[in-house]
Amino acid sequence: MRAAPLLLALASCLAPAAAGAWCRTTTCAAQPDPTMCPACGSPIAWQRPCTALRVDARVLPPTLTAAAFHGHVADAARAWSSFACAGGGRGPAFAMTVLDDLNARVGYFEGAPNVNTVTFRDHWSDDAFHAPDAAAITIVTFTSAGAFIVDADTELNLRAPANPRGFVFATDGSAAAADLPTIVTHELGHTQGLAHSAERAAVMWYSAGRGELRRTPTDDDRAGLCAIYPPRVTEACAPDPGLLTYGGDGLSCAAAPRGGKGGGWGLLALAALAGVGRRRRRAS
Ligand SMILES: [Zn+2]
């Protein structure tokens, strides 16, 4: 998510808020204008009805404890699953569970267990993914074939001696800081496959001013998530099933050793992934 710019006024006159202003991330290149919804590619989504998030609390703002950080991420995840979709009693058929904190590498690692992390960074702008004016980014890795999300990592751009252009985060609505719950709730929208909404009041609007609070998904945000994961009776789902690999007909848990049947199969999956397999997308 970006810090509130002059662009705000410009964006709202370009794309006034409308019903169904939500937008899905697709497999085609991101639009330069964050309020424009891509009209190409296949929309991406998790294939399983659940996934796990892990907080990496090695870097923290001076005013925030690891327990509090964990709590805010859990609240943000819950905000995306504690509502009913329009027209029925059920919520979206997808849920994020925040498991115990874990010191984990950011990124997608082929053939290794991948962890969806949420973490602060006290250094930034060390590659093309880390735009200096982004308070946070989420790197979503997905397969080109099937547009399945396989990993999503959220990084928060923290002001620190080595990162003086970073952001000050607060949780008390302070007008001098970026609101951490607002930013995390927005980024978890990206984690699930949502892009930016054209509705100014939505959690998925692309920017937030200091002290601006948008912690609860609006009807537009909810409609977007329900469109990605329409309500249904879901199969049992372990948030963190361990190593996942791909094959011709989708995901399978690769608990079985690679030497056996899985091996050949695994090789196919790896080749597919490596060949056309996966791409990374930055959303801020
Ligand atoms: Zn964003």
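The values are calculated or read from the model by the stated rules, or taken from the named source; none is laboratory data. Because the structure is a prediction, the values reported are computed rather than measured. No Cβ is skipped: glycine too gets one built from the backbone with ideal geometry, and neighbour counts run over all protein chains shown. Note: accessible area is taken over every heavy atom of the protein model, side chains too, but ligands, DNA and RNA are not part of it. Shrake-Rupley method; radii C 1.70, N 1.55, O 1.52, S 1.80 Å.
Consider the range 132-173 and keep the residues that are of a type in the set (Gly, Ala, Ser) and touching a Lys or Arg at 6+ places or on another chain (Cβ under 8 Å). The one that is farthest from Ile44 (Cα to Cα) is Gly166.
For the range 91-107, a tally of residues being open to solvent by less than 20 Å² (accessible area, probe 1.4 Å) and touching a helix residue (DSSP H, G or I) at 6+ places or on another chain (Cβ under 8 Å) returns 3. Kindly indicate whether any position in the range 230-241 is modelled with pLDDT of 95 or more and either part of a strand (DSSP E or B) or within 16 Å of the ligand (Cβ to nearest atom) (or both). Scanning the range 230-241 turns up no residue that is modelled with pLDDT of 95 or more and either part of a strand (DSSP E or B) or within 16 Å of the ligand (Cβ to nearest atom) (or both). For Asp151, the stated conditions do not hold, so it cannot be described as of a type outside the set (Ser, Thr, Tyr) and either open to solvent by 50 Å² or more (accessible area, probe 1.4 Å) or closer than 19 Å to Tyr206 by Cβ (or both). Residue check: is Pro113 surrounded by fewer than 14 Cβ atoms within 10 Å (Cβ to Cβ) and within 21 Å of Thr143 (Cβ to Cβ)? So Pro113 passes the test. Is there a residue in the range 201-214 that is modelled with pLDDT of 95 or more and more than 16 Å from the ligand (Cβ to nearest atom)? Yes, the range 201-214 has at least one match. Inspect the range 131-146 for any residue being buried (at least 22 other Cβ atoms within 10 Å of the Cβ), over 14 Å from Val106 (Cα atoms) and among the β-branched types (Val, Ile, Thr) and give the result as yes or no. So far as the range 131-146 goes, yes, one or more of its residues are buried (at least 22 other Cβ atoms within 10 Å of the Cβ), over 14 Å from Val106 (Cα atoms) and among the β-branched types (Val, Ile, Thr). Does the range 129-146 contain any residue that is without any contact (Cβ under 8 Å) to a residue 60 or more places away in the chain, over 22 Å from Val98 (Cβ atoms) and out of contact with any helix residue (DSSP H, G or I) (no Cβ under 8 Å at 6 or more places or on another chain)? Yes; the residues of the range 129-146 include at least one that is without any contact (Cβ under 8 Å) to a residue 60 or more places away in the chain, over 22 Å from Val98 (Cβ atoms) and out of contact with any helix residue (DSSP H, G or I) (no Cβ under 8 Å at 6 or more places or on another chain). The single residue among Pro181, Pro164 that is of a type outside the set (Phe, Trp, Tyr) and without any contact (Cβ under 8 Å) to a residue 12 or more places away in the chain turns out to be Pro164. Checked against the criterion of being in a helix (DSSP H, G or I) and either within 14 Å of the ligand (Cβ to nearest atom) or in contact with a Lys or Arg (Cβ under 9 Å, 6 or more places away or on another chain) (or both), the candidates His190, His196 yield just one match: His190.
This table checks each residue for (1) within 29 Å of Ala236 (Cβ to Cβ); (2) of a type outside the set (Phe, Trp, Tyr); (3) open to solvent by 30 Å² or more (accessible area, probe 1.4 Å).
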{"residue": "Arg24", "(1), (2), (3)": "yes, yes, yes"}
{"residue": "Pro38", "(1), (2), (3)": "no, yes, no"}
{"residue": "Ile44", "(1), (2), (3)": "yes, yes, no"}
{"residue": "Gln47", "(1), (2), (3)": "yes, yes, yes"}
{"residue": "Arg54", "(1), (2), (3)": "yes, yes, yes"}
{"residue": "Phe69", "(1), (2), (3)": "no, no, no"}
{"residue": "Val73", "(1), (2), (3)": "yes, yes, no"}
{"residue": "Ala86", "(1), (2), (3)": "yes, yes, yes"}
{"residue": "Phe109", "(1), (2), (3)": "yes, no, yes"}
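Among the residues of the range 78-136, those identified as in contact with a Cys (Cβ under 9 Å, 6 or more places away or on another chain) and in a strand (DSSP E or B) are Ala95, Met96, Thr97.
Scanning the range 207-228 for residues that are surrounded by fewer than 24 Cβ atoms within 10 Å (Cβ to Cβ) and either assigned to a helix (DSSP H, G or I) or among the aromatic types (Phe, Trp, Tyr) (or both) gives Asp219, Asp220, Arg222, Ala223, Cys226, Ala227, Ile228.
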